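Engineer: First, the structure itself, so that you have it in front of you.
Nothing in this text is a laboratory measurement; each read-out follows from the coordinates by a stated rule. Since the structure is predicted, the reported quantities are computational estimates derived from the model, not experimental observations. Quick reminder, even Gly has a Cβ in these numbers, built from the backbone with ideal geometry, and neighbours come from all protein chains shown.
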């Protein structure tokens with residue numbers, strides 16, 4: 001059971017990393033950010049902030065992927081990814097009145113949290129076997 005559960009857990013961790021890494025494409029241009037989020041980048045300052053946000057997501061996703069190799073950082077990186085996804089959902093719900101692009105990201109983060117929870121369960125079961 002340990003081997004199949006390890007594979008399941010690692011696939012879940014990989015997917016959590018992917019969900020967190022995907023926004024990195026926003027680093028390429030303001031147009032990428034605008035099409036992803038359905039917003040208008042109306043100033044250089046906003047572009048800088050949003051492209052930096054894309055960079056940070058790339059770092060989160062990369063770190064989650066690194067935790068597949070360096071397992072001692074897994075708990076920390078999964079916690080970071082979980083807080084990031086949960087935080088986005090909470091902020092979106094509190095602010096409200098968002099577009100369909102943001103709704104898709106909220107849904108992706110909900111799915112990401114379910115996958116993350118599955119990884120944690122798998123990790124816990126692996127440690128007990």
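Engineer: If you go through region 106-119 one residue at a time, how many are over 13 Å from residue 86 (Cβ atoms) and out of contact with any helix residue (DSSP H, G or I) (no Cβ under 7 Å at 6 or more places or on another chain)?
Structural biologist: The number of residues fulfilling the criteria is 1.
Engineer: Same structure again: Within region 83-100, which residues are loosely packed, with under 14 Cβ neighbours inside 10 Å, in contact (Cβ under 8 Å) with a residue 60 or more places away in the chain and part of a helix (DSSP H, G or I)? It would help to see each step written out before you state the result.
Structural biologist: First pass over region 83-100, keeping only residues loosely packed, with under 14 Cβ neighbours inside 10 Å: 83, 87, 90-91, 93-97, 99-100.
Subsequent filtering for residues that are in contact (Cβ under 8 Å) with a residue 60 or more places away in the chain retains 99-100.
The one that is loosely packed, with under 14 Cβ neighbours inside 10 Å, in contact (Cβ under 8 Å) with a residue 60 or more places away in the chain and part of a helix (DSSP H, G or I): 100.
Engineer: Select the helices (runs of 4 or more DSSP H) contained entirely in region 1-72, then report the ones holding at least 1 residues which are closer than 25 Å to residue 119 by Cα. Explain how you work it out, then say what you get.
Structural biologist: Numbers: elements: 2-21, 30-37, 44-66.
Qualifying helices (runs of 4 or more DSSP H): 2-21, 44-66.
Engineer: Same structure again: Can residue 4 be described as free of Cβ contacts under 8 Å to residues at least 60 places away in the same chain and under 16 Å from residue 110 (Cα atoms)? Walk me through how you get there before you give the answer.
Structural biologist: Numbers: free of Cβ contacts under 8 Å to residues at least 60 places away in the same chain: yes; under 16 Å from residue 110 (Cα atoms): no.
No.
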